[in-house]
Amino acid sequence: MTCNVRQFTNVLSKLNYSAMYEGDFFLTWEKSREELEAVFAVADALRHLRKNNISTRIFDSGLGVSLFRDNSTRTRFSYASACNLLGLNVQDLDEGKSQIAHGETVRETASMISFMADVIGIRDDMYIGKGNAYMREVARAVAAGHNDGVLEQKPTLVNLQCDIDHPTQSMADMLHLIHEFGGIENLKGKKIAMTWAYSPSYGKPLSVPQGIIGLMTRMGMDVVLAHPEGYEVMEEVIGVAKDNAGQFGGKFGVTNSMGEAFAGADVVYPKSWAPFKAMEKRTALYGNGDGAGINALEKELLNENAKHKDWECTEELMKRTKGGKALYMHCLPADITGISCKRGEVAASVFERYRGPLYKEASFKPYIIAAMIFLAKVKNPKNTLEELERAAIKRHAGV
Amino acid sequence: MTCNVRQFTNVLSKLNYSAMYEGDFFLTWEKSREELEAVFAVADALRHLRKNNISTRIFDSGLGVSLFRDNSTRTRFSYASACNLLGLNVQDLDEGKSQIAHGETVRETASMISFMADVIGIRDDMYIGKGNAYMREVARAVAAGHNDGVLEQKPTLVNLQCDIDHPTQSMADMLHLIHEFGGIENLKGKKIAMTWAYSPSYGKPLSVPQGIIGLMTRMGMDVVLAHPEGYEVMEEVIGVAKDNAGQFGGKFGVTNSMGEAFAGADVVYPKSWAPFKAMEKRTALYGNGDGAGINALEKELLNENAKHKDWECTEELMKRTKGGKALYMHCLPADITGISCKRGEVAASVFERYRGPLYKEASFKPYIIAAMIFLAKVKNPKNTLEELERAAIKRHAGV
Amino acid sequence: MTCNVRQFTNVLSKLNYSAMYEGDFFLTWEKSREELEAVFAVADALRHLRKNNISTRIFDSGLGVSLFRDNSTRTRFSYASACNLLGLNVQDLDEGKSQIAHGETVRETASMISFMADVIGIRDDMYIGKGNAYMREVARAVAAGHNDGVLEQKPTLVNLQCDIDHPTQSMADMLHLIHEFGGIENLKGKKIAMTWAYSPSYGKPLSVPQGIIGLMTRMGMDVVLAHPEGYEVMEEVIGVAKDNAGQFGGKFGVTNSMGEAFAGADVVYPKSWAPFKAMEKRTALYGNGDGAGINALEKELLNENAKHKDWECTEELMKRTKGGKALYMHCLPADITGISCKRGEVAASVFERYRGPLYKEASFKPYIIAAMIFLAKVKNPKNTLEELERAAIKRHAGV
């Protein structure tokens, strides 16, 4: 088997991504297009090396700290996989679901858990205005700790999902598209429909639709956001998507018709989320400890949801896409009609037909996370990747 | 200190175990006798190397996923130890005690946790007809994921206890016997009494007695299963034991007398378990969410148990064994009369006399698990073991 | 960058610490002064190597078992960091908060979790007369297991906080002082005030004040213990502190005035704790399962506490210290007036001024734990440290 990492490192040579070194990863739209491309190149390179049984351990020891505000099998395993790929051991910080630490408490805890931490991965998507802000507080705290000589190294912060963006998801989704369409340059002009879909549950985070419209507009795609009236996402991210479309030669539009969004689409991403305004309201209710208010809001939202059961990705709708063969995407788990619920986001036959590609889509996430860490921690990523290949230490000595 | 792994690898040269490569380990009776012997040889070899401070890490990185349906300190640590011995990091999947996933959910979860997984260890012994079936579903899912290019490697599945068998326990038990009797060939004709014993608790799994009668009959032993009427084990496994006895030149019998089983025995294994029929009933009650039914069944079983308090491994009974000196075995923890409960499975003085051998028995389990993984993941186990010895990388550099 | 570990190993050459090899670490006053100095030298050496990106992994594989009786982010991360620094993987044993195992159960569990364990770290500080005793039981059990051939290696036991001492905290505190005052010899004659302080909570462990007076008196310091009447610590440790003062040329006194303790102090350590007698009582109540008694005791203690709100480390009190500039210390987290509570142990402005040094103080703990393990597991620490430097394996290959 020929193994040549140069096909990926050659791409790196043409990109300027030096600002990522010793940086953090909060939002995709804070990164330049070349920096995003560097993440894809490194992710592909790491996957290539591992596939060829070449170790990608750049750490002999070190910790990857994780902080998840709610249960998360998928993201937890993706993060653990990324850390393991690079030689880091995961140490979980369990602060509890409800407790929102802030101010000096954050600063103190961040320092206390980071003595040997090379990375901190945080998932905190429950409260509007809190998750991303918390991550930045942690990042500032450990940077200060490093400057003060408390920490021997500055851990890099990776956003594993916040109230604004879900960069490891959207980047994995895009790498999937790059592979499906045969290259990043082929995304230009492709139509992607990021649409709301009905789910019997409520309150699903906005970070996926926001992350998708904020990222896909970077590559000149024709991005349509579709949802019933009232299910608006964060205004700020709409602005990001519009600006991107202008700057990168793509399109961005919003519609209240699922059918319109699907018409001629190359890619569809139907998924439930909660209205931004409702989530803002919920955050305030939680802040006030208003349990009755939270229950009332939940009832109201479920009632509203129930009016839009027709927002389902059916075979009929799929027929309206480009050649009837748009690529169906989802961050998983999906609410599948007749399987995981009575009525859901997607028809069982559609989901079943795309099961293979969906799992492939998910499989990019560990490599995307590892690439984000790699670019933040490695001084000369091109050289280090080529050296890993040259050294060719077997990941698994028994084959 | 002379260290020569050849004493173990020479055994391997004479055995045919090639079908274990890239396989799984569900039930001992699905493996050939030579395959079982290969597990013992590799387990001994790994222990020998570690004892001589030689690293047995064949993985530079990689994950060992664990899934335990109930609390399990011993098995958890044995599995973690086995993974560590080979260089894998353990990542726990906590699906909760009660939730029995099935169908496509299993397929999806199995894929999502396996991107970097070389092994998946599952303990699922609570529900009749479910545990082993679930393991096979997971194994099929990850094999499919590997074929589809979703997983870079196919994780091997190790049964850490199911509703049918407990192969890592029974194999560790047998390796203990091999060491106690000075060789696998010396097991032939030895009498082992696998007997029920009284415990104040109820509902203990059947996997140990079933595993023992299913395995010990493979080596030409004289296996007697003893229990009060009504405490029958799975019919299917009785069939396995009978067939084995015929095929491998041993004996298998069932009796309702503990004394008869003990008479002249070389080995005794007194342990509580629940009647198979009752466990089947309980599984159905759980399936229907029938809490009242479960409570009624529990009461009934405890009443029935209480009639058999005389099924205790006492000094008197031990005197009836071969020379009064049968080897006492248990998977631990045991219910010890006057120590852990008022009346239990074994008299305190008997247990105390065998404490050393009991802990030794348990100490084989990590090596058995590691050997199962090794044979599934290593292409040429003989060469790899010899190379580990030649390389002689110190496990602990400070001695 | 010059990197020379000899500055630390040269210190080791002059010390006799050979008895630490294959030993455990229970109480600082069981160790000779030279042994304590060896811990500091090794801790500094390990930190020096890591700072210079040199791997300090002496273990290629192996487990560090942890057992925490209550939640503990800080100690948990310090222990995990120490294990990671040396190449060990942490495996947590979760026995539950309330359950106090004893006797043969301890012996059995200790053996079952230690097949691959090189270290066992225990935090068990809740019950008077239990924590330290439990640790010794575990240490005896694994020593026996090793002798019996059950365990291939004897794990070393590290006391991560017990009812009597908190050696990893007090040793980290002292290493901080050594760095602040420019050498261990400069501690002689320095005055340290270990004083009680008000906290709205009750029942904080005595191990910190006891650990501090038991250790700081070893270096010829002038140690003053201050607390309101009734807040006496363990009589036995008072005896240790007095003996130390006599033997090592320092002073030890007890006062009921915070101001007196602060007067002219070089170092102040104001911290809440519960009266020893009350903790003894509470242990008995827990033993009897007397919930009402526990609640009554809690109320009584909180009432008593409330009488001493003036025991706060204020700016006024700080002015009474040597030049108004005593080093403020705390094991963290502190109860800060107006920040974490209405009235607490320390004024916000005092705490804020010392935030940098406080975090630095905490940063020594992982290295202290690692040094304790290192000295127990490495035959020739001086050689091994110098060899690590010579080999110069990069901890992080990407820089």
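Please treat every number below as a calculation from the coordinates, not as lab data. Nothing here was measured: the structure is a model prediction, and the numbers come from that model. Cβ placement follows ideal geometry from the backbone for every residue including glycine, while neighbour counts extend to all protein chains displayed.
Listed values, structure above:
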item	result
Other protein chain Cβ atoms within 10 Å, averaged over every residue that makes up A:105-118	6
Estimated FRET transfer efficiency (B:K251, B:F181; beta-carbon r; R0 25 Å; 0.05)	0.90
Total formal charge among the other residues, if their Cβ is under 12 angstrom from that of A:D335, Lys/Arg +1 and Asp/Glu -1	+3
Label distances, nm, A:L332 versus same residue in remaining copies, Cβ-directed 7 Å point	3.9, 3.9
Per-residue Cβ neighbour rank within 10 angstrom, fewest leading, B:K377, B:K190	B:K190, B:K377
Spatial separation of Cα centroids for segment C:1-61 and segment C:106-182, in angstrom	18
Environment charge of A:V39, counting only residues whose C-beta is closer than 15 Å and scoring Lys/Arg +1, Asp/Glu -1	0
Label-point separation in nm, C:D243 to A:D94, each point 7 Å along Cα→Cβ	4.0
Cα centre as origin, Lys/Arg/Asp/Glu Cβ charges: chain C dipole, Debye	1220
Residue order, fewest to most surrounding Cβ atoms within 10 angstrom, among C:F115, C:F59	C:F59, C:F115
Helix-only mean residue ellipticity at 222 nm for the protein assembly as shown, each DSSP H run of n ≥ 4 adding -39500 (n - 2.57), per residue, nearest 500	-14000 deg cm²/dmol
In nm, spacing of pseudo-spin labels at C:D310 and A:Y21 (7 Å Cα→C-beta vector)	6.0
Cut-off 11 Å between beta-carbons: net charge of the residues surrounding A:R76, Lys and Arg +1, Asp and Glu -1	-2
Whole-number D in µm²/s for the protein assembly as shown (Stokes-Einstein; Kirkwood sum over Cα pairs; 25 °C, 0.890 mPa s)	76
Global form of segment A:169-362, assessed from the alpha-carbon gyration tensor, a/c cut-off 1.5	oblate
Members of C:K277/C:K299; B:K342/B:K365; A:K377/C:K365; A:K365/B:K379 lying beyond 19 Å, as alpha-carbon distances in this model show	B:K342/B:K365; A:K377/C:K365; A:K365/B:K379
For the C-to-B rotation axis, chain C residue with nearest beta carbon and its distance in angstrom	C:N89, 4
Distance cut-off 30 Å, percentage of C-alpha pairs in chain C lying past it	41
Using a 7 Å Cα-to-Cβ projection, B:N295 label spacings across copies, nm, ascending	2.6, 2.6
Other protein chain Cβ atoms within 10 Å, averaged over every residue that makes up A:48-60	4
DSSP bridge pairs, chain A: antiparallel proportion in percent, nearest 5	5
Rg(Cα)/(2.2 N^0.38 Å) for segment A:206-314, N = residue count	1.19
In range of the label at C:L332: residues from segment C:35-76 whose backbone nitrogen is under 14 Å from the point 7 Å along Cα→Cβ	C:73-76
Label distances, nm, C:E236 versus same residue in remaining copies, Cβ-directed 7 Å point	5.7, 5.7
Förster radius 60 Å - calculated FRET efficiency between A:K14 and B:E137 (Cβ-Cβ, nearest 0.05)	0.85
Contact order normalised by residue count of chain C, Cα under 8 Å, 6+ apart, percent	21
GNM flexibility winner over chain B from B:D148, B:D24, B:D163 (Cα, springs under 10 Å)	B:D148
Projected label distance in nm at C:E229 and B:A392, using a 7 Å step from Cα toward the beta-carbon	7.2
Dipole moment magnitude, nearest 20 debye, segment C:215-311 about Cα centre, only Lys, Arg, Asp, Glu C-beta charged	140
Euclidean distance between Cα centres, segment A:206-239 to segment A:358-375, Å	22
Cross-link pairs beyond the 28 Å C-alpha cut-off, checked among A:K191/A:K271; B:K394/C:K154; C:K190/C:K281	C:K190/C:K281
Fewest-first sequence of A:V138, C:V240 by Cβ atoms within 10 Å of each Cβ	C:V240, A:V138
For peptides A:337-350, C:292-305, sequence by mean Cβ density within 10 Å, most packed first	A:337-350, C:292-305
GNM flexibility winner over chain B from B:T105, B:T168, B:T314 (Cα, springs under 10 Å)	B:T105
Chain C: most fluctuating residue of C:R140, C:R57, C:R353 per GNM, C-alpha cutoff 10 Å	C:R353
Whole-Hz ³J(HN,Hα) from phi, Karplus 6.51 cos²θ - 1.76 cosθ + 1.60, for segment C:389-399, glycine and proline x	5, 5, 5, 6, 6, 5, 5, 10, 6, x, 10
Contact order relative to length of segment B:168-362, as percent, for alpha carbon pairs under 8 angstrom and 6 or more apart	26
